[in-house]
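Encoded as structure tokens, the structure appears first; notes follow it.
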Amino acid sequence: MSSCTRNSRAVRYWKGCGPLGPWVKRWVLGFQTIVLVGAMLFLAVLFLAVGAPAPAGASSHTKGQKLGSLRVTIPKDTSQGVVQRFRRLARGDDKKRLWQRALLRWKVVAAYAPKDKEAANRIEAIETWQEKQAAKHLAIASAHLKKKNYGQAFKSFLRTLAYDGKNHMALSMVKFDLNARSLQAYRVVKGDSPVRIAKKAYNDADLVFLVQYFNNLKRNARLTPGTTLNIPVMADVLVSRPAQVAVAKSKRTPPRAPRATAQAATPPRAPSPPAQAATPPRAPSPPAGAKSESTPPVAAAGTTQAATPPRAPSPPAVAKAQPVPKEPSVTPAATPAATPPPQEPPPAPTIVPSESTLVAALEAGAGAGSALGDLASSSGESEYSSSEAEIGVRHAQRLYEDGQFADAAAQAESVLEDDPTNTKAKNLVNSSYYALGQEQVEKGDKLAAIQAFSRAEENYKDSAARKTSLAGDLQDQQAEVHYIAGVTFYLAEDLDNAIREWEEVVRLDPAHLQAPKDLANARALKAKLAQVQ
Amino acid sequence: MRFSVATGTDAGFPEREMARGERGSGRGRLCGPLLVWALGLAFLLGACAPAEPEKPEIPRKGISGILGRAEIKQDRLTTWAEDSRILVTWSHKTEVASYTLFWADTHEEAESGGTAIEGLTKARFEHKELENGKTYYYRVQGFTKAGKPVGTYPVVGDIPYQYETRRFPGFMAVTPRVHDTFASLAERYLKDPAKDWMIREFNDLTSVTPFRVVMIPLESYEPGSLTREGYRTVPILAYHNISRIKASRMSVLATEFERQMAYLRQNRFQVITLRQFVDFLEFKGQVPEKAVVITFDDGWRSTYEIALPVLKRYGYPATLFVYTDLVGSGRKALSWAQVRSIEKSGVIDVQCHTKSHRNLQMQPGEDMTGYFKALVQEMKDSRELLRSKTGKNCTYLAYPYGAYNHLVTALAEEIGYRAAFTVRRGSNPFFVSNYRVLRSLVFGEDDLETFAAGLMTYDDKVVK
């Protein structure tokens, strides 16, 4: 207490001495008071901040109006801050490489700040970048298709779409052609009736009601050759009919044992009833990341751009047995022909470069520097004069002679697209595809061969017959495809589906080496799992 | 807080929390220091709420999305402001002979009196020659022939202004009106209130501020939600029955269902409609970040009694795949009246699940012709019946037991279904086949972790 006496009165009060000291110490300098004053100060600051209408450009605002519990302020310029906000967002998108939304956001900036150089530059840069990248990935996709890396091709088509959302071709590849589909296209040939189509497609005339139902036809309807019908894929349904399918199979695949020799045979076989719709094999694993079930892609049926590359692997053994030079440059001498193409182009050389028709079509489009979507809709371009058609045909002829059948076909087709009556072009298309089909047979890729043959006109040489016999052979590969699908499921720990696939293998090919063992394994594992659970 | 498709329900949350905070402060009244603290806290809370300019408490009206319409029973008064005029409309009451409209410059004045416009026989009035930028408040009172006052309409204010809409290629700039929400803007300009997330995402805003221009993307700017870096995937939840008492494999406990919905909300999942999902599948549209679809199978009564109220509360749209033989077949099944009421609710969309719920794969002993006929009947008849009973034309199909084959999918396509759903587990990127869409069953024994594990909404393994 000694300090109380020595100091001045103020200091004494401060220290809690004297009559008012304790009061001062507790209430004026006390903790509560400090908090209270602090809170009030804080509130004052807060109200000032809230009272001021907006963070940016407060001066441009009229006084806020109260609307119920809402305070509304009408800025002088309602679009104030738009440019800044969207510039910030667009820059963020640029950083995250989200080009599509970056583009639209830069467009907002450009709309509100027409003289803004950054926006204009970015829009141009992104647009050219997208175009370039889309073309690049489309080219990569086509290269993968050529090598039958369907998974990789799928990936590249997806990337193409990421840069060019309007690319119909990439979309149809991703969504349909390289995806699971249950309806296949069938092009009617001369002499077809619903019953005959059922016989051809399903090896069972009783299934004519399917053809009728899916195309709204009468049983004895007259069909115009060249029209396309939709018929369902029945592979998995027919498989579940053990008795009938056995008959169907034995009918369909007579040359079963000498498989390799049959494939090696270059000369066409005796014509059998022409068929178009082949039952394609099931694919091993979907290119989609999701483990969706394997399903056959549609057999190509001569629709213009939507050639359908099947996703099934070509049998490696056969491919090895038939070494073929890969590059077009290795092609042996082809017989040069006179400049006006003859009705019957020279017979195809036996060893020829390998190219899928679709790839060629793709490259033809990309090579011409056209944007990707153009390919599908190139017919919409300017009119084709007869001289241009002439040049096109000559070019196609030259390609044919060089043994580049796929390119030749694509070239001739592009002529046809603009001038459907051009018989020279039509002939070239037919002979190119026929030659391409032969070439694929030699390579051992039956699916590609079937595709090529189906692109040729039905009555051209024996293309239809060859297709039928190839389709029969393919049926045998189906077991292998199911087996691989089963393995994929097994690895993904999807036991049920693995078992289902392997059961199908055993059903299709009871003599399969691996499947019964694996099946037993999987079942045991499943039983064990069930026990554990 | 606001991130779902529908609005209006969650808006109440912050208020409720605030009220709880204030009530808690009452306990400290006895001891000085606590009181001061609590007062400070209360002030702080009170002051903070209006400090967020992005969250105006807009009185919500009928246009507030999928949800609002079903629940509002109160008399409605809506305004539509334009350049120097305001159109006032209100819900008509049959017993009313004439209406009197009151208008004033302030809310309080309008509540107690204001300038009266008498003798209105129609439930609308156009207030002309107004001053732009000024707020006008309206209230309505209906009178019967005997002069008895009827109806309690709320006071609603609006501001006449030269509201602007500018069209640019690919997008549109719009001045939002005072009562606008993302859902109302989406309804007006994108023809679908459930697309509110598209405007929100593109503008990167949490709510609409009146008179601040908003950009509306007129078409999907990222179709399929695919970018070079990756793509969004949509998980589809498939529920069957919901029970209040006991969980089983196909029956989820009601509390568990509620917890799962709460989980979606807390983790900012955005529940989208099946239609949006199919647009996305067809590469015509995109989906929001963390999009989920909710579906119910079969048509159990619990869908109506338990799920519907919960979904309404959360503002989550869902789809019910109903097999028509079940409807009206017993105590646990829905009746047709309930199906109609579900369809009318605007929350749950009713779709097809065949007629008898038979396995659509070929059964032993079945011949091809009989099998095919049965398939057509299953898929077609149920649709016809649903159309005749509810007037609804269903466009999506769920395979019973998720079982299908090529013929089934081909037939679904041929018959005109836009998409068909399996029960294979997984999340859907846009590039799955429309007739083999993946769905993850939610089982009664699943815990929240299992539930959450199925909700994958982004992937990049196919593009990377």
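Readers should treat all values here as calculations from the given coordinates under stated rules, not as data from a laboratory. Computed from a predicted model, the values in this text were never measured in an experiment. In this analysis, Cβ positions are derived from the backbone assuming ideal geometry, glycine residues included, and neighbour counts consider all displayed protein chains.
So the values come out like this:
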read-out	value
Average beta carbon contacts from partner chains per residue of B:458-464, 10 Å cutoff	4
Cα gyration tensor of segment A:492-533 - equivalent ellipsoid semi-axes, whole Å, descending	21, 10, 7
Semi-axis lengths, Å, segment B:270-407, gyration tensor of Cα atoms, sqrt of 5 times eigenvalues	27, 20, 12
Percent of Cα pairs exceeding the 19 Å cut-off, where the set is segment A:446-533	52
Length released on extending from A:Arg91 to A:Leu20, taking residue separation times 0.36 nm less the Cα-Cα span	19.0 nm
Protection proxy ranking of A:500-510, B:93-103 - average other beta-carbon atoms within 10 Å, highest first	A:500-510, B:93-103
20 Å Cα-Cα reach of A:Lys528 towards lysines, excluding residues that sit fewer than 8 places from it in its own chain	A:Lys517
Calculated log₁₀ intensity ratio I(q)/I(0) where the Debye formula runs over C-alpha points of segment A:396-481, q = 0.15, 0.24 Å⁻¹	-0.54, -1.07
Averaged over B:123-131, number of beta-carbon atoms from partner chains that fall within 10 Å	0
Set A:Lys148/A:Lys461; A:Lys166/B:Lys284; B:Lys246/B:Lys332 screened for pairs whose C-alpha atoms are more than 21 Å apart	A:Lys148/A:Lys461
Global geometry of segment B:99-254, whether rounded, prolate or oblate, following the gyration tensor of its Cα atoms and the 1.5 cut on a/c	oblate
Pairs from A:Lys155/B:Lys380; A:Lys96/B:Lys290; A:Lys115/B:Lys464 whose Cα-Cα separation, in the structure shown, is over 29 Å	A:Lys155/B:Lys380; A:Lys115/B:Lys464
Burial ranking of peptide ranges B:398-409, B:158-169 (average Cβ count within 10 Å, highest at the top)	B:398-409, B:158-169
Relative contact order computed over segment B:225-463 (Cα-Cα under 8 Å; 6+ residues apart), in percent	26
Rg(Cα)/(2.2 N^0.38 Å) for segment B:225-463, N = residue count	0.98
Fraction in percent of alpha-carbon pairs per bin - 5 Å, segment B:225-329	2, 12, 21, 22, 18, 13, 8, 4, 1, 0, 0
Ranked by how many other beta carbons lie within 10 Å on average, peptides A:134-147, A:395-408, A:35-48 from highest	A:395-408, A:134-147, A:35-48
Cα-based equivalent ellipsoid of segment B:77-158: semi-axis lengths in Å, sorted from largest, via gyration tensor	22, 13, 10
Test item: B:210-221 mean partner chain Cβ contacts at 10 Å	5
